[in-house]
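Enquirer: Structure in structure tokens, see below.
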Amino acid sequence: MDCSVKTPTWVPGADSGAALKKFFEIVKVKYQIKDLSELQQWSVDYSNQFWSEVWDFFGVIGEKGDRAQMPSKLPEALFFPEAKLSHLENLLAGGGGVSVVKEADLANAGEQFTHKELVTMVSALVNTFQEQGIGESDRVVAILPVGIEVLVSTLAGFGVGATVATASPEFGSDAILSRFSQLQPTVLVFSNSYPWQGRELDRSQMVAEVAKALPSLRLIIGLSENNELPNVVLWSAVTSDPKAVSFTKRNFDHPAYVLFTSGTTGAPKGLLHRSGGVLLKHLVEMKLHCDIKSGDRVCFYTTTGWMMWNWELSVLATGADLVLYDGAPTFPDSLRLFHFARDQKLTHLGLSARLLDLTREQHSDLKVLGGLPDLRVIMVTGSPLSQVTAQWLSDQFDGKVLISPFSGGTDLVGSFMGPNPLLPYYAGQMQGALLGMDIDCWDDNGNPCEENQVGELVCKSPFPTVPLGIWKDQGGQRFNEAYFYRWENIWVHGDLVSRTPEGGYVVHGRSDATLNVGGVRIGTGEIYSALNSLADISGALAFTQPWNGDERIVLLVVAPKITDQASYIKQIRTEIRSNCSPRHMPAEVFFVSDLPRTFNGKLAEVAVADLAHRRKVRNLESLSNPDILLEIGQFLQ
């Protein structure tokens, strides 16, 4: 299916992409680069030159060394082998402040923290950690909602060289222990509750279960007391004794944090990320691609269990103010984050594609907000942003706001493809590969796909946020099996993508969600793409169900406005047949109130497949709405 859109919904203005424009002007003279296409190609063909220029352009504080990159092939990534830097120093060098808005604050006034106040809190907690002997060999973990406390905890962990991991309080104890127990942490910072949909949910029992099951803990810090944990030190005590911050420079590859990703089998994989790589990659993504600059106000709605939390905190290094929201994004309704963006004068708002689908479905006219004059960029990730929703969103802002979908993952704590503020934006696409990312779309034989041909997203060359590995994966077997199983030295990300005539990319879904009917392999992404023209569908999930000795395709759709379901099912089948093939047509179409999703907003296709095949549902604890499986299960009896 041709997913391209010939008319752009946004075109760059004279002031767009100032940092990228300046960077291009510098390197085009130095390296004889003619245009943005050549800039992208140079950034991967001469990766050592590109990342060296990035270090200099952003004024990274530290000792750069003589070499930006050593020759290597994936899964190795050897960048800045002689460099020394302090991750904390570079984050705090931006000088911006922090604002925190809690769900109950319907006026979105928030609590403001100056840069000086932030530094004071971080220095106090660093001092506490040092007094307790917490250092480079330790792990600091936190069960906290988004807020100043988790930010300070993470930064203080960086300050002493510890490796940090965070989990959101809505996770169950089993889910958290399956992650944290691998790390044998020495510090736990926790909250006994978190706000959600107008209530403060008590998580004190869960926190106590986790803490008691981690015998390696030497320091337990609570935002408040927990009756089941007698040795808790209160947050107010550990942040009350600030001293001057001293920054320790460490190797470029010194670990910053562990991010966990769940597969279909085994314990969650703990991906270990390098501090220097994270800093440089995030500066490129934020300042060059997302057009974030000093004085901007930036928020990406997330929880502390999603990689976007780790991405978001790097906003501090850009000089922009970091604005945090703690609570449900749909309280009191699905316009909350847009009210929040208006009242906090955000220049950049980030949110999931699913939330935008919901907003379009429930509030078709955002202009009732009275305008958001400060907003320049809406960043979107978590799942593919449909052409219909992207066009609707752009129309709501009269084409004056850059819609910036990007795609990558926990695996690289960043993106492979995404926005470019110097190029037109076409609804339903991502504008292209990010600088420094040598990506392609390959067919089953390892050949580059033609335009509009769906294939595997691959990355062919090293980049700075290739993980150091998977925690406790001696010899790298799990890491290689996860990303390099198909072609030698080639990262296979597991996404189905296609390239467009405009130079962009379309993500069609996960390649590991392939259906097999009568021996024919069918990608779910092809079915989802065929439904793009049906604006009343805000979500869809396809899977196979055992039937008469074979498998049949079943399609679940979320379309609450449809009253004549029988007629609409005929439309659905017509679209799928004409845009895909008769083999793609579902045997059954069921209307459901919602679809199962992870806490990151991704479709949980594997969970429904397990349900349909009467298997135990894997990673049930990773679902944000597991109860929806009961509704779906009624259709499969």
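The values are calculated or read from the model by the stated rules, or taken from the named source; none is laboratory data. None of these values were measured; they are calculated from a predicted model. Virtual Cβ from ideal backbone geometry, glycine too; neighbours counted across all protein chains shown. Quick note on the areas: whole protein, heavy atoms, side chains included, nothing else; ligands and nucleic acids left out. Shrake-Rupley method; radii C 1.70, N 1.55, O 1.52, S 1.80 Å.
Enquirer: Which trypsin sites (Lys or Arg not before Pro) in the range 350-453 sit in a loop by DSSP (not H, G, I, E or B) and have at most 15 other Cβ atoms within 10 Å of their own Cβ?
Expert: Lys400
Enquirer: Further question on the same structure: Counting only heavy atoms of protein chains, what accessible area per residue, in Å², does the range 119-254 have with a probe of 1.4 Å?
Expert: On a per-residue basis, the range 119-254 sits at 38 Å².
Enquirer: On to the next question. Would you calculate the separation in nanometres between label points at Asn48 and Lys367, each defined as 7 Å from the Cα along the Cα-to-beta-carbon direction?
Expert: 5.6 nm
Enquirer: Given the pairs Lys84/Lys269; Lys34/Lys400; Lys400/Lys602; Lys243/Lys472; Lys212/Lys249, which are separated by over 30 angstrom at their Cα positions?
Expert: Pairs exceeding the cut-off: Lys243/Lys472; Lys212/Lys249.
Enquirer: Accessible area per residue, 1.4 Å probe, Å², for the range 512-634: what's the number?
Expert: The answer is 47 Å² per residue.
Enquirer: Provide the per-residue ³J(HN,Hα) series for the range 305-313, in order, calculated from phi with Karplus coefficients 6.51, -1.76, 1.60 and θ = phi - 60°, each as a whole number of Hz, with x at glycine and proline positions.
Expert: x, 10, 4, 5, 5, 5, 5, 4, 5
Enquirer: At 1.4 Å probe size, what's the solvent-accessible area of Lys243? Round to the nearest 10 Å².
Expert: 110 Å²
Enquirer: How do Thr7, Thr318 rank by accessible surface area computed with a 1.4 Å probe, from largest to smallest?
Expert: The ranking, largest first, comes out as Thr7, Thr318.
Enquirer: Continuing with this model, one more query. What number do you get for the range 487-637 when its Cα radius of gyration is normalised by 2.2 N^0.38 Å, N = residues?
Expert: That ratio works out to 1.06.
Enquirer: Quick one: pull the percent of accessible area on the range 1-89 belonging to carbon and sulfur, 1.4 Å probe, ligands and nucleic acids left out.
Expert: 51 percent
Enquirer: Grab the other residues whose beta carbon is less than 14 angstrom from that of Ala317, score K and R as +1, D and E as -1, and report the net.
Expert: Within the 14 Å Cβ shell, the charges total -2.
Enquirer: List the aspartates and glutamates whose Cα lies under 13 Å from the Cα of Lys287, skipping any in the same chain that are fewer than 8 positions away.
Expert: Asp296, Glu312
Enquirer: Could you do me a favour and compute the accessible area per residue for the range 26-71, 1.4 Å probe, result in Å²?
Expert: Result: 56 Å² per residue.
Enquirer: Please sort 485-492, 585-592 by packing, taking for each peptide the average over its residues of neighbouring beta carbons within 10 angstrom, highest first.
Expert: Ranked by mean Cβ neighbours within 10 Å, highest first: 585-592, 485-492.
Enquirer: If you don't mind, another one. Under 19 Å Cα to Cα from Lys367, which aspartates and glutamates show up? Leave out anything in the same chain fewer than 8 places away.
Expert: The reachable aspartates and glutamates, counting only those whose Cα sits under 19 Å from Lys367, are Asp333, Asp343, Asp357, Asp395, Asp398.
Enquirer: Under 18 Å Cα to Cα from Lys73, which aspartates and glutamates show up? Leave out anything in the same chain fewer than 8 places away.
Expert: Once the sequence-local aspartates and glutamates are set aside, what remains near Lys73 is Asp45, Asp253, Asp411, Asp438, Asp440, Glu481, Glu488.
Enquirer: What does the convex hull of the Cα atoms of the range 26-71 come to per residue, in Å³, rounded to a whole number?
Expert: In the range 26-71, the Cα convex hull volume per residue is 74 Å³.
Enquirer: Sticking with this one: Sort the following peptides by mean Cβ neighbour count (other Cβ atoms within 10 Å, averaged over residues), highest first: 10-22, 284-296.
Expert: Ranking the peptides 10-22, 284-296 by packing returns 284-296, 10-22.
Enquirer: Hey, can you rank 475-483, 127-135 by average C-beta count inside 10 Å, highest first?
Expert: Going from most to least packed, we get 127-135, 475-483.
Enquirer: Quick one: 3J(HN,Hα) in Hz for the range 366-377, Karplus 6.51/-1.76/1.60 with θ = phi - 60°, rounded, Gly and Pro as x.
Expert: Karplus values, whole Hz, x for Gly and Pro: 7, 6, 5, 6, x, x, 10, x, 7, 6, 10, 9.
Enquirer: Still on this structure, I have one more. Loop-only GluC sites (Glu not before Pro) in the range 1-106, please: DSSP not H, G, I, E or B, and at most 15 other Cβ atoms within 10 Å.
Expert: Here the sparse-neighbourhood loop sites are Glu76, Glu82.
Enquirer: I would also like to ask the following. Which Cα, out of Pro384, Leu351, Phe406, lies furthest along the positive dipole direction of the range 325-453 (beta carbon charges, K/R +1, D/E -1)?
Expert: The one lying farthest along the dipole's positive direction is Leu351.
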